[in-house]
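First comes the structure, then the notes that go with it.
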Amino acid sequence: MVVQGEFMVAFIRYLAKRIVRIISFLLFGFLPIKRNRVLLLNNLSHNYSCNLKAIAEYLLSNFSVNEFQIIYSVKDLSKEIYLKDKGIILVKFNSLKYFYYLMTSKIVVSNSGGYSYIHKRSNQVIINTHHGGGAYKYAGADMFGHSFFFVKDLQLTKRNTDIFLSTNKKFTEVISRASYLPKHIFWEIGMPRNDKLLKPNNAEINKIREKIGLSKNEKLVLYAPTYRKENDNYFKKSISLDYGIDSNRVCNALAKRFGGEWKFALRLHPCITDKSAYLIDNVIDLSDYEDMQDLLLVADVLINDFSSSFWDFMLTGKPCFMYAIDLQKYIETTKVYTPVEEWPFPKSTNNNELEKNILEFDESKYQEDCKNHYNKLGGCESGRATELVCELIDSIVNNKKYSLNNLPQFD
């Protein structure tokens, strides 16, 4: 019965895409492609953040005002209205106007797909920056199975993808297989959003700290658990749970081990629809803060469970702790490319273990474990991913030499 239900979900999803592709092509397929139009699609949370924000900011700062027409799709036009002052054209995701821009943009950049609903035109270039580093949770057909219609769905995305960014060689290997994508389209330069973590800017750090209300001498521990799915079903809504972390105990342990005055901040995953299910007193609630990368930049310590933000924060060299009351269940029920025991972050399932890991934190061992983990996965974060992607966009838009076999590389 479950298999039959999953088959129907895959069939309906595939059929819907086929229908939308036909309609969008009939409506807009005859219109000319605008040479300098760049559509940026944050298909995870549909706001101004992640890799798309990094790319937009670089294009705005390093090229003339009229060099590119930047389109940014969002769910709430009123919430992101300030982007118009930057010269960005806002469009509501999945609106008729959205499909018009999607079909007439020379460049489309996404961080999680969302472009298989169109019939890609021959002179368009579509770049997927993805939204997670490392090589952790199963994805694509590895996660959902190789059923007929799910594979057909993946093949729609395959035909529409020209370039796929990668953070490490293992990611390239497993995602190319799981998503039916050829290896040669993977560009191993890292994610644009991680450039700021590799090359931190003190002025930006101070600005973000002031924005979230941190005083000069306060240190920040960021607790950022990922979502769970209702009844462990991926197609159900994302939920939070009572994670049971003791924020005061954490701050006291951090003060003993590292010194200073600590503030505890909570950041729930943007996919969680009901955040009221989990509230902690005396914490800074940053769940509605748009850009997670800003928070990773200013945090002095990260506490996480199964999110790929582990990978991002590891790049900073700052301490990261794993806390998950359902760790054993996760290991038993969730398939991963890299076994959890190989993740280099001190692991705990309750407050006693978390406190112990903080108090006994071994800096040199942690750094060595992270270095080995990065090298084992074949890490390739360049610190120049934003620059390289934007140079490529400029090259394509202005008819400079461009080839998938001749992409700019980092040293």
**Prompt:** Mean residue ellipticity at 222 nm from the helices of the chain, using -39,500 (n - 2.57) per DSSP H segment of n ≥ 4 over the full residue count, to the nearest 500 deg cm²/dmol?
**Reply:** -11500 deg cm²/dmol
**Asked** So how tilted is helix 202-211 from the main axis of the chain? Cα-based, degrees 0 to 90, rounded to 10.
**Response** 80
**Item:** Of all accessible heavy-atom area on the chain, the percent that carbon and sulfur account for (1.4 Å)
**Value:** 51
**Complete:** Scoring only Lys, Arg, Asp and Glu (+1, +1, -1, -1) among other residues with Cβ under 15 Å from the Cβ of ILE19 yields +4
**Asked** For region 16-107, what's the relative contact order in percent, using C-alpha pairs closer than 8 Å and at least 6 residues apart?
**Response** 39
**Request:** For the chain, give the magnitude of the charge dipole about the Cα centre (Cβ charges: +1 Lys/Arg, -1 Asp/Glu; no others), in debye to the nearest 20.
**Result:** 1780
**Item:** Rounded tilt (10° steps) of 2-28 against the dominant C-alpha axis of the chain
**Value:** 50
**Fill in**
Taking Cα pairs closer than 8 Å and at least 6 residues apart, the relative contact order of the chain in percent is 17
**Asked** What angle, in degrees between 0 and 90 and rounded to the nearest 10, separates the Cα long axis of helix 247-258 from the longest principal axis of the Cα atoms of the chain?
**Response** 80
**Residue-normalised accessible area of the chain, expressed per residue, 1.4 Å probe, Å²** = 46
**Asked** So, with +1 on the Cβ of K and R and -1 on the Cβ of D and E, and no other charges, what is the size of the charge dipole of region 1-148 about its Cα centre, to the nearest 20 debye?
**Response** 420
**Request:** Please give the solvent-accessible surface of ARG35 in Å², to the nearest 10, using a probe radius of 1.4 Å with every protein chain present.
**Result:** 120
**Message:** Using the alpha carbons of the chain, what is the convex hull volume per residue in cubic angstrom, as a whole number?
**Reply:** 145
**Prompt:** Are there chymotrypsin sites (Phe, Trp or Tyr not before Pro) in region 23-78 that DSSP marks as loop and that have at most 13 other Cβ atoms within 10 Å, and which are they?
**Reply:** PHE30
**Per DSSP, loop GluC sites (Glu not before Pro) in region 285-346 with at most 11 further Cβ within 10 Å** = none
**Complete:** Sorted list, accessible surface of protein heavy atoms, 1.4 Å probe, largest first, for LYS329, LYS263, LYS335 is LYS335, LYS329, LYS263
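The values are calculated or read from the model by the stated rules, or taken from the named source; none is laboratory data. All figures in this text were calculated on a predicted structure; none of them were measured in a lab. Backbone-built Cβ (ideal geometry, glycine too); neighbour counts: all protein chains shown. With ligands, DNA and RNA removed, areas are computed over all heavy atoms of the protein, side chains included. Shrake-Rupley method; radii C 1.70, N 1.55, O 1.52, S 1.80 Å.
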